[in-house]
Amino acid sequence: TKAECSFEEAMRCTDNRVLFASGTAFPEYTIPETSEVCIPGQGNNMYVFPPIGLGAVLCKPARITDTMFYAVSKALANSLSSDERARGELYPRIERIRQVSARLAGALIVQAVREGLVEDKHWLDIVRGSMPEVVEGEGKPDGRVSRRVIGEVKTLMWSPPSSVEQYIVEAMTAIDPEDV
């Protein structure tokens, strides 16, 4: 690894008080005095870039701005569950990545509407209808997203088939008989 330090080194050098995230995966660290097991954060692109791309594809903003990145970052920080916060985690658990991705894509869409960069009536109506406080040209990015926006994003997200059989059935029904 080319990391500046390991999770264990960071824990030892800070008397176990470090807020740690690395692009490199590190093993858990057990505090010798208490036997408490600490899990390092892995801060890489998997949490923000896919939802940024998804949000942009869905609402087609005229451009992607720095404040959209900020709104997505705020949404990521706000997406921690109470259990994750209690454990001192910096990122949501990987098991929730699809749920978190929908929230983050929604945050980009809301911010793009706030900035007046969305022309798609579908998204304008959803955001304005479920978040009347969002006014074009007003307000700072806060990462907040309505359930309605998240629900619509989830509806439009690709979902992997639950089985090979489901994949085959879906592939067969998608074939146009005239193409055969």
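Here the chain exposes an accessible surface that is 54 percent carbon and sulfur, computed with a 1.4 Å probe and the other protein chains kept in place.
If you take all other residues with their beta carbon under 15 Å from the beta carbon of E138, and give Lys and Arg +1 and Asp and Glu -1, the sum is 0.
Backbone phi angles across the stretch 37-45, fed through the Karplus curve with coefficients 6.51, -1.76 and 1.60 (θ = phi - 60°), yield HN-Hα couplings of 8, 10, 10, x, x, 10, x, 10, 6 Hz in residue order; Gly and Pro are listed as x.
Relative to its residue count, the chain spans a Cα convex hull of 191 Å³ per residue. As a size descriptor, the averaged projected area of the C-alpha convex hull of the stretch 1-44 was calculated at 2.9 nm². At a probe radius of 1.4 angstrom, the accessible area of the stretch 46-121 per residue rounds to 49 square angstrom.
Neighbours of V100, meaning other residues whose beta-carbon lies under 12 angstrom from its beta-carbon, give a summed charge of +3 when Lys and Arg score +1 and Asp and Glu score -1. About the centre of its Cα atoms, the chain shows a dipole size close to 500 debye [charges on the beta carbon of Lys, Arg (+1) and Asp, Glu (-1) only; nearest 20 debye].
Computed packing ranks the peptides 58-69, 97-108 as 97-108, 58-69, most packed first, by mean other Cβ atoms within 10 Å. Each Lys and Arg contributes +1 and each Asp and Glu -1, all at the Cβ; summed about the Cα centre of the stretch 114-153, the dipole is approximately 200 debye. Just to confirm the number: angle between the C-alpha axis of helix 49-59 and the first principal axis of the chain, 0 to 90 degrees, nearest 10? Helix 49-59 sits roughly 20 degrees off the main axis of the chain. When the chain is described by a simple charge dipole with +1 on each Lys and Arg Cβ and -1 on each Asp and Glu Cβ, the residue from G139, T24, M11 located farthest towards its positive end is G139.
Over the chain, DSSP H runs of length four or greater, each weighted -39,500 (n - 2.57), average out per residue to a 222 nm ellipticity of -14000 deg cm²/dmol.
The values are calculated or read from the model by the stated rules, or taken from the named source; none is laboratory data. Only a predicted model underlies this, so the values are computations on that prediction, with no experimental measurement involved. Methodologically, a virtual Cβ is constructed for each residue, glycine included, from the backbone with ideal geometry; neighbour enumeration extends over all protein chains shown. Areas reflect the complete protein model, heavy atoms only, side chains present, ligands, DNA and RNA absent. Shrake-Rupley method; radii C 1.70, N 1.55, O 1.52, S 1.80 Å.
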